[in-house]
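Q: Handing you this structure, nothing more for now.
The values are calculated or read from the model by the stated rules, or taken from the named source; none is laboratory data. The structure presented is a predicted model; accordingly, all values stated were derived computationally and were not measured. Heads up, the Cβs are rebuilt from the backbone with ideal geometry, glycines too, and the neighbour counts pull from every protein chain shown. All accessible areas refer to the heavy atoms of the entire protein, side chains included, with ligands and DNA or RNA removed. Shrake-Rupley method; radii C 1.70, N 1.55, O 1.52, S 1.80 Å.
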Amino acid sequence: MDGDGEPESVGQPEEEVSPEGQQEEAGAEEASAGEERPEEEEEAAAAPYLDELPEPLLLRVLAELPAAQLVQACRLVCLRWKELVDGAPLWLLKCQQEGLVPEGGAEDERDHWQQFYFLSKRRRNLLRNPCGEEDLEGWCDVEHGGDGWRVEDLPGDSGVEFIHDESVKKYFASSFEWCRKAQVIDLQAEGYWEELLDTTQPAIVAKDWYSGRSDAGCLYELTVKLLSEHEDVLAEFSSGQVAVPPDSDDAGWIQISHTFTDYGPGVRFVRFEHGGQDSVYWKGWFGARVTNSSVWVEP
């Protein structure tokens with residue numbers, strides 16, 4: 001779900017592989033090189049003709065192939081093809097063809113267009129069930145203070161519509177004592193490899209939307225932690241307790257966002273936790289409302 005104007009996330013291609021998996025694939029190809037099939041012989045016969053093409057034309061031919069074929073097979077054909085597959089111009093061209101960057105983007109704007117391509121194809125909200133469409137499914141460490149969390153339909157009593165994304169229909173409402181819930185994202189399980197996380201350290205962006213009611217004040221809090229393999233805290237953001245008074249200009253939906261950069265090697269998990277309560281201690285669900293939460297790994 002992409003309620004804050006983010007571009008629609010691009011699906012991951014079938015059999016997509018990360019750059020760090022190229023060496024393993026190369027070893028497997030070499031092991032089976034002695035057993036050529038008829039189609040492989042035809043490809044080998046065609047390779048010299050393709051190799052005679054001028055580089056700009058050959059790049060356009062290669063750019064039409066799936067990314068998995070480029071890194072698993074094409075870079076093994078010959079030294080020239082390997083250099084083309086490992087180089088920036090091919091991946092810049094693929095990014096342009098697939099709408100990941102505008103046509104005419106300068107090659108020197110980025111050092112690693114291949115990494116940008118793979119990160120862009122993986123780009124999506126890593127949080128599950130951010131708007132309560134599945135009740136509390138996907139959330140862990142759920143604390144039901146007071147009358148506990150409840151999922152309600154927008155706009156709710158004494159509330160406002162979520163005008164930032166018309167696809168958002170529900171929200172989580174907290175009660176008269178602190179209600180909290182969390183999700184822990186395994187970055188490697190989501191397709192982000194160790195070398196990328198430790199060396200490139202792509203930006204990790206956490207966002208949340210919260211709101212109060214016009215008839216009751218409330219408190220809201222967000223904490224996001226980057227964790228190591230052993231769940232040591234390597235970086236942390238906390239909003240602290242944010243007070244939203246009733247009948248204020250802040251009674252509408254408010255976005256809070258934090259971007260982690262240069263966080264150092266070792267990050268393997270992201271822990272996202274938010275919560276709220278009302279400030280009048282009324283029975284029911286008069287506390288902070290939250291929806292459209294998200295965690296993104298940006299290219």
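Q: Return one whole number: the accessible area per residue of the range 172-214 in Å², for a 1.4 Å probe.
A: Values: 1270 Å² over 43 residues.
Using a 1.4 Å probe on heavy atoms only, each residue of the range 172-214 averages 30 Å².
Q: Follow-up question, since we're still on this one. Could you pull out every residue, at least 5 positions away or on a different chain, whose amide H is within less than 5 Å of the one on L234? Hs are placed 1.01 Å off N in the peptide plane, and Pro or chain starts have none.
A: Close amide H contacts, sequence-distant or interchain: L226, L227, S228.
Q: At 37 °C and 0.692 mPa s, what whole-number value in µm²/s does Stokes-Einstein give for the translational diffusion of the range 201-287, with Rh from the Kirkwood sum over Cα pairs?
A: Approximately 229 µm²/s, per Stokes-Einstein.
Q: Could you go through the range 236-242 in sequence order and give the Karplus-derived ³J(HN,Hα) for each residue, using 6.51 cos²θ - 1.76 cosθ + 1.60 with θ = phi - 60°, rounded to whole Hz, and x for Gly and Pro?
A: 8, 10, 9, 6, x, 7, 9
Q: Then there's this: Can you give the Rg to Rh ratio of the range 140-297, both from alpha-carbon atoms, with Rh computed by the Kirkwood formula?
A: Result: Rg/Rh = 1.02.
Q: Using a cut-off of 11 Å between beta-carbons, work out the net charge of the residues near D141 (Lys and Arg +1, Asp and Glu -1, D141 not included).
A: Working: positive: R180, K181, R271; negative: E143, E273.
Net charge in that neighbourhood comes out at +1.
Q: If you don't mind, another one. Mind checking the range 209-299 for GluC sites (Glu not before Pro) that DSSP puts in a loop (not H, G, I, E or B) and that have at most 16 other Cβ atoms within 10 Å?
A: Sparse-neighbourhood loop GluC sites (Glu not before Pro): E229, E231.
Q: Related question: Compute the projected area of the convex hull of the Cα atoms of the range 260-299, averaged over all viewing directions, and report it in nm² to one decimal place.
A: 4.7 nm²
Q: Sorted from largest to smallest, which semi-axis lengths in Å does the alpha carbon gyration tensor of the range 72-225 give for its equivalent ellipsoid, taking the root of 5 times each eigenvalue? Could the numbers behind the result be given before it?
A: Working: eigenvalues 382, 64, 32 Å².
Ellipsoid half-lengths, sorted descending, are 44, 18, 13 Å.
Q: With θ set to phi - 60° and the Karplus curve 6.51 cos²θ - 1.76 cosθ + 1.60, what are the ³J(HN,Hα) couplings of the range 272-278 in order, to the nearest whole Hz, using x for Gly and Pro?
A: Here the 3J(HN,Hα) series is 10, 9, 9, x, x, 7, 8 Hz.
Q: For the pairs K94/K170; K82/K225; K170/K207; K94/K225, flag any whose C-alpha to C-alpha distance is greater than 28 Å. Don't skip to the end; give the middle numbers.
A: Working: K94/K170 38 Å; K82/K225 39 Å; K170/K207 17 Å; K94/K225 34 Å.
Result: K94/K170; K82/K225; K94/K225 exceed 28 Å.
Q: Only sites in a loop by DSSP and with at most 16 other Cβ atoms within 10 Å count here; which trypsin sites (Lys or Arg not before Pro) in the range 128-178 make the cut?
A: R128, K169
Q: Go through the range 220-235 residue by residue and turn each phi into a ³J(HN,Hα) via Karplus (6.51, -1.76, 1.60, θ = phi - 60°); whole Hz please, and just put x for glycine and proline.
A: 9, 8, 10, 9, 10, 10, 9, 10, 7, 4, 9, 6, 6, 7, 9, 7
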